[in-house]
């Protein structure tokens, strides 16, 4: 059980084993190499390093690695060269979940989100799963769906009037327009197994009626007759017409600029149908 918990945590943080850039008390150094993790450490959107990295991200493979590194950093590990965590990809002698259709238990499952300004504060919170399922056949994921109730979005790092204000704003038309688009959906198209419990997922994310391809990695471990699912992904909110404070739509935002990347981590439980 401890092994499974460690692996699920690792997947949730999407830890990669490459260095994500050196930092000094005076601030980040200019990049000396432009690999995906070094680029993921660049915070200054006006720097030459950011411009170069943005150009490199036109390559789909580089961009996929960049997104993994960003997720690692945003999950609280800013320099993975100083951290030693076993990857779920290295797990041995583990039992795979059996074939079947698993219904997500919404009472014990959770989704967490994180977003932040380019300069200054960051915020995080949670949102409820409305319904979902994952289907496994022949050792591969053959489909599945996760429906998210946008009206349940909450903030967890503020309190009182500040908490109410940010929750109301995020549900408004400035952001996710929960009144008009009450549900967001992640659809699993397929999932190839990389070891007994780790799957590379091809999927599609729908927010505000707009659908984009979004791939991720999930760890699916058996739990009695059910499953535990851990993982995380990042999406670019500007692709879903979430415009407020985005440099994709507005110029001269200054300290009001909000990063386009939204981090999601999930912990799900499923019961075999």
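Considering only region 211-222, state which residues are part of a strand (DSSP E or B) and touching a helix residue (DSSP H, G or I) at 6+ places or on another chain (Cβ under 8 Å). Steps first, answer last, please.
Taking region 211-222 and keeping what is part of a strand (DSSP E or B), we get 211-213, 216-222.
Of everything in region 211-222, those that are part of a strand (DSSP E or B) and touching a helix residue (DSSP H, G or I) at 6+ places or on another chain (Cβ under 8 Å) turn out to be 212, 217, 218, 219, 221.
Scan 144, 203, 115, 132 and give me the residue that is in contact with a strand residue (DSSP E or B) (Cβ under 7 Å, 6 or more places away or on another chain), part of a strand (DSSP E or B), at pLDDT below 95 and surrounded by 18 or more Cβ atoms within 10 Å (Cβ to Cβ).
115
Restricting to region 223-273, name every residue that is over 21 Å from residue 50 (Cα atoms) and part of a helix (DSSP H, G or I).
The answer is 240, and nothing else.
Just the residues that are closer than 20 Å to residue 243 by Cβ and under 22 Å from the mean Cα position of the chain (by Cα), please, taken from region 156-171.
166, 167, 169, 170, 171
Only one of 164, 187, 168 is outside any strand (DSSP E or B), within 18 Å of residue 237 (Cα to Cα) and assigned by TED's automatic domain parsing to the domain that holds residue 239. Can you tell me which? Even if it seems obvious, please write down each step before you answer.
Numbers: 164 fails: within 18 Å of residue 237 (Cα to Cα); 187 fails: outside any strand (DSSP E or B).
Exactly one residue qualifies, and that residue is 168.
Listed residues 49, 44; which is at pLDDT 90 or above, more than 21 Å from the chain's Cα centre (by Cα) and not in a strand (DSSP E or B)?
49
Would you tally the residues in region 238-261 being surrounded by 14 or more Cβ atoms within 10 Å (Cβ to Cβ), touching a helix residue (DSSP H, G or I) at 6+ places or on another chain (Cβ under 7 Å), over 15 Å from residue 43 (Cβ atoms) and free of Cβ contacts under 8 Å to residues at least 40 places away in the same chain?
Going through region 238-261 one residue at a time, the tally reaches 1.
The values are calculated or read from the model by the stated rules, or taken from the named source; none is laboratory data. Note that the coordinates shown come from a computational prediction; the quantities given were computed from them, not determined experimentally. Glycine also receives a Cβ, built like all others from the backbone with ideal geometry; neighbour counts cover every protein chain displayed.
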